[in-house]
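Visitor: First the structure, then my questions, so here it is.
Read-outs throughout are calculated quantities, based only on the coordinates presented, and are distinct from any laboratory measurement. Quick caveat: nothing in here was measured; it's all calculated off a predicted structure. Neighbour counts are summed over all protein chains in view; Cβ atoms, including those assigned to glycine, are modelled from backbone coordinates with ideal geometry.
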Amino acid sequence: MKKLLLLLILILIFSCTKKEVKLPVLAEKGIQELHNHSQVWLFFEIENKDTIAIVNRKNTISTTHWIYNIDKRLPLKAIIPSIIKLQDKHANSMHSEKGMHDYFSYSDTISKKLSFLEFDGVIFKTDSFLSKPYIKDHIANYSNYNNISLLFTNTKNWIDDSPVEKRELKQALNKFIEFSAEGKQIMLHLNFTKNISYQNYMYFKTTLNNLCNEVIKINKLEFIFDEEKVHFCY
């Protein structure tokens, strides 16, 4: 019934706005049932040759979980400012309720169902500061971890300065962790170019989320950088 209701909501909004959201399509399992939720929409649009996100949150209710339906073609630079504002609105409005979470939606090709990825507590650092110098400047917070920085663009990816192919990320990261674990808990630090597509962003997010366990965790800080303002080697 819940899945049918969600589908009807999708059809209703699409028909009213005459817009569509092309959700990310991923072969990763996620959460598939949510109760008491409302919808946020970020539509893809071209304006003066620039890609922009059109936000629709008219039907959001602060006392519910929020599902973010974001077009996969949008780059992070077009959606992160809106997500930051919406996160604050959901968490800190006068009607906000504890226990209500924020979720990204995507199409799961394994279960062939709409799935969700929780992103509560994620803080987007948009000052083009990469994780490695940040860790160095805040070493007291991270000295108990084996810290691994991952950097992602639309075409190239790195694990601690070692290039890795997108399709080989899981295998390469597991080998890297096995080699460098040193008996410490692993903390992954995520760095994304501001130009990466939301499709690719969600690919890496869901892949890494499904690797997490009692040994591997992901830093809640996500570093969104401008490639022209930071220096790293391809």
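Visitor: Please compute the modelled spin-label separation between K29 and E178, points set 7 Å along Cα→Cβ, answer in nm with one decimal.
Guide: Reported label-point gap for E178 and K29 is 2.2 nm.
Visitor: Another one. What whole-number distance in Å separates the alpha-carbon centres of region 16-90 and region 133-198?
Guide: For region 16-90 versus region 133-198, the Cα centre distance is 27 Å.
Visitor: Taking the 0 to 90 degree range and rounding to the nearest ten, how far is the long axis of helix 2-17 tilted relative to the main principal axis of the chain, both from C-alpha atoms?
Guide: Computed tilt is about 70 degrees.
Visitor: When each pair of different Cα atoms in region 143-206 is counted once in the 1/r mean, what is the Kirkwood radius in angstroms, to one decimal? Could the numbers behind the result be given before it?
Guide: Numbers: mean 1/r = 0.0812 Å⁻¹.
Taking the inverse mean of 1/r over all distinct Cα pairs, region 143-206 comes out at 12.3 Å.
Visitor: Still on this model: As a footprinting exposure proxy, order S93, S82 by other Cβ within 10 Å, with the fewest listed first.
Guide: Numbers: S93 12, S82 18.
By the 10 Å Cβ count, ascending, the order reads S93, S82.
Visitor: Also, I was wondering about something else. Arrange the following residues from fewest to most other Cβ atoms within 10 Å of their Cβ: W41, W158.
Guide: Details: W41 24, W158 17.
Sorted ascending by nearby Cβ count, the order is W158, W41.
Visitor: Ok, one more. Using only Cα atoms, tell me the angle between helix 169-180 and the longest principal axis of the chain; keep it within 0 to 90° and round to the nearest 10.
Guide: 40 degrees
Visitor: Would you mind counting up the charge near L130? Only other residues with Cβ under 15 Å from its Cβ, with Lys and Arg at +1 and Asp and Glu at -1. Provide the component values of the computation, followed by the final result.
Guide: Working: positive: K125, K132, K136, K156, K194, K229; negative: D127, D137, D160, D161, E222, D226, E227, E228.
My count for the surroundings of L130 gives -2.
Visitor: Roughly how large, in nm² to one decimal, is the mean projection of the convex hull of the alpha-carbon atoms in the chain? Mind showing how you got there, number by number?
Guide: Values: hull surface 56.8 nm².
One quarter of the hull surface, i.e. the mean projection, equals 14.2 nm².
Visitor: Now for a different question. Tally Lys/Arg at +1 and Asp/Glu at -1 over every other residue whose Cβ is under 11 Å from the Cβ of F204; what's the total?
Guide: On the way: positive: K166, K170, K205; negative: E28, E222.
Around F204, the charge tally is +1.
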